[in-house]
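Notes for the one structure printed next.
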């Protein structure tokens, strides 16, 4: 497999699946122009200049670059551990982010502490950047809760499973930020599949009309479970923004530096009162949709292999090495840290207790509800009836 | 403040005004709620007095209205959103059911969503399709939501105050055909609890339980029945979720007969739930099965047929006769 520049790539796939893979589709020609893609690091790890976006990463230090690398490696390690834990029966399900580390770490590291993040259910890398303990993400996948962290502790909303809903919450939150006169920004994550949802379209409308300080960060990972992006759109997704009256940019989603730069730019626009921005991070879901999915039914190996050549972690490593920004000691130390993280996550999940059965009735309402009280009492009496039998 | 006689719509308007005045976090949002004052003028004059930032004309997208209200609530605001008509709420149904109702539980209690969704509902105004429906049961089935419906101006005023102060999402069903009915509103009185039913007419022979637009109908039924020597009790339920079963039980233990009346279709309606639970609670007190009067299992009919579809004086009296015949 030859290494191919993402920027130079033709439209990646035809409308069909395996049998037509590799051909360019005539449908794609209807798009107004060949999509331009912001890239600062080539898949080979070569730094390329970009007149518009270089300034957003101009001051980045070797230490910060190593930090981005570390974030991606640890996120991937965490993700691999979670997949393994699902296979071992410790988790009911896992949605892997494999391949999307650059999109998530680049955008996540662009946010400021007071910014607010509205994720889907796959933003494990963004959660990492926000300081959410990774073990907290696993409760819902283990089935002990439906969201195990306080969103306001890290300004990181709970995972949203219904596709696209959170883009409206982000927009509303951003409207509130603007009303408060704050200069925080909001970022909403969603995917290529979600781009078809009405809620995403409505969030574009509302944010544009109210000039809300929100960044729409679309990770186009090419697949919505089994449906390729061609089933969602006839135009490159970032071009949708134009119809709503705000800018849209496609960025190489496997280039952490480009994702960082473009997201910083977009967040800055939000802070400056310039309203919403759509960022389409062009990336690839290397794994299955979730552990319940079987991608062999709908896509071929060759596509995955072509994306492996553009791996976000290898690319930054190549750059760090060629620029002498990291030595063997750094990589070895990170390997140790990575394994320690895996161990910590494994142990935390295995130690995670089942919730108390009365948790069913907790937090249904903030101010209480007579029926919930009544049913809790009935449930308690029912449970207590076993104690009577045992005691008899 | 003294007592004032005002229409039900005006009472809601005054209540919203009071909330906007006393709490800077309260927002009013919806389609045409600004300059126009809403299609029923419930928000009349509010944008003029509180500005476009607090009384917000929204794009015509109900899911967007509720979804952004959730986001505003996450930011600390208390949005009161208007859905223009009952039949237009369904684009927002997903946001209401999957997000508004569940986020508090999902967050293990960390997040509160004090959002009020106002929905003018019910028929009797000769409207076109989608403008006369009563979808309250579709919301009552969802844990996490509170559902209320005032029947008179005073309750409209106070229940709106309480709904806005609630830390839970409240679906506020406004009986649109009673918008213009006047009643006395005492704006400095201390109101009773939001989810408590009220006996609005005492009687001994049978209990009529209703809420929203049907309370007035039931009072007319009771007056007509009184002429025939029947002494009916009328219970204004006021809240559909939670339902005040204790008050219904107290009434039924006295009268031993219950007829539930609502405009919504009888099938899987709130009356079904009331019948089941009251049968369970009052099995040995009941002299007759709990009867229900409501809409039919058919789409809301064209306006010229709606009097046939809606529970009116005669249909409720018929049910009363049947219950008393046991």
Projected area, mean over directions - segment A:62-166, Cα convex hull, nm²: 6.5
Relative packing of peptides B:276-284, A:135-143 - highest average C-beta neighbours within 10 Å first: A:135-143, B:276-284
Quotient of C-alpha Rg and 2.2 N^0.38 Å, computed over segment B:97-146: 1.48
Normalised per residue, the volume of the convex hull around the Cα set of segment B:171-214 (Å³): 129
Projected label distance in nm at residue B:90 and residue B:267, using a 7 Å step from Cα toward the beta-carbon: 1.5
Base-10 log of normalised Debye intensity for the protein assembly as shown (one unit scatterer per alpha-carbon) at q = 0.05, 0.10, 0.11, 0.12 Å⁻¹: -0.30, -0.99, -1.12, -1.24
Peptide A:147-153, shielding by other chains (average Cβ, 10 Å cutoff): 4
Sequence ranges A:77-85, A:364-372, ranked by mean other-Cβ count within 10 angstrom, highest first: A:77-85, A:364-372
Tilt relative to chain A, helix A:256-271 - C-alpha long axis, 0 to 90 degrees, to 10: 80
Cα-based equivalent ellipsoid of segment B:1-118: semi-axis lengths in Å, sorted from largest, via gyration tensor: 24, 17, 13
Taking the C-alpha atoms of chain B, convex hull volume expressed per residue in Å³: 129
Mean Cα-pair separation over length for segment A:18-351, i.e. relative contact order, pairs under 8 Å, 6 or more apart, %: 27
Value of [θ]222 nm, deg cm²/dmol, for chain B, DSSP H segments ≥ 4, -39500 (n - 2.57) each, nearest 500: -9500 deg cm²/dmol
Tensor-based shape of segment B:39-101 (alpha-carbon gyration tensor, a/c under 1.5 rounded, otherwise prolate or oblate): oblate
Percent RCO, i.e. relative contact order, over segment B:198-324, from Cα pairs under 8 Å lying at least 6 residues apart: 27
Percent of alpha-carbon pairs separated by more than 22 Å within segment B:34-183: 38
Packing-based ranking, highest mean first, of A:43-51, B:135-143 given that Cβ atoms within 10 Å are counted: B:135-143, A:43-51
Average partner coverage of B:56-67, which counts Cβ from other chains inside 10 Å: 6
Residue mean of other protein chain beta carbons inside 10 Å, A:205-216: 2
C-alpha long axis of helix B:62-74 to longest principal axis of chain B, angle in °: 70
FRET efficiency for residue B:32 and residue A:272, using Cβ-Cβ distance with R0 set to 30 Å, rounded to 0.05: 0.40
Residue-averaged 222 nm ellipticity for chain A, from DSSP H runs of 4+ at -39500 (n - 2.57), nearest 500: -13500 deg cm²/dmol
Share of alpha-carbon pairs per 20 Å distance bin for chain A, given as whole %: 27, 56, 15, 2, 0
Calculated on alpha-carbon atoms, Rg and Dmax of segment B:198-324 in Å: 13.5, 43
Chain B: relative contact order in percent, alpha carbon pairs under 8 Å with at least 6 residues between: 16
Viscosity 0.890 mPa s, 25 °C: Kirkwood-radius Stokes-Einstein D of segment A:241-392 over Cα pairs, µm²/s: 111
Value of Rg to Rh for segment A:333-381 (Rh from inverse mean 1/r over Cα pairs, i.e. Kirkwood): 1.38
On Cα atoms only, tilt of A:62-87 relative to the major axis of chain A in degrees: 50
Most fluctuating residue given options A:283, A:263, A:205, as computed from a GNM of chain A linking Cα atoms under 10 Å: A:205
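FYI, it's all coordinate maths here, none of it is from the lab. Everything numeric here is computed off the predicted structure, so don't read it as measured data. All Cβ positions, even for glycine, are placed from backbone atoms using ideal geometry, and neighbour counts span all protein chains on display.
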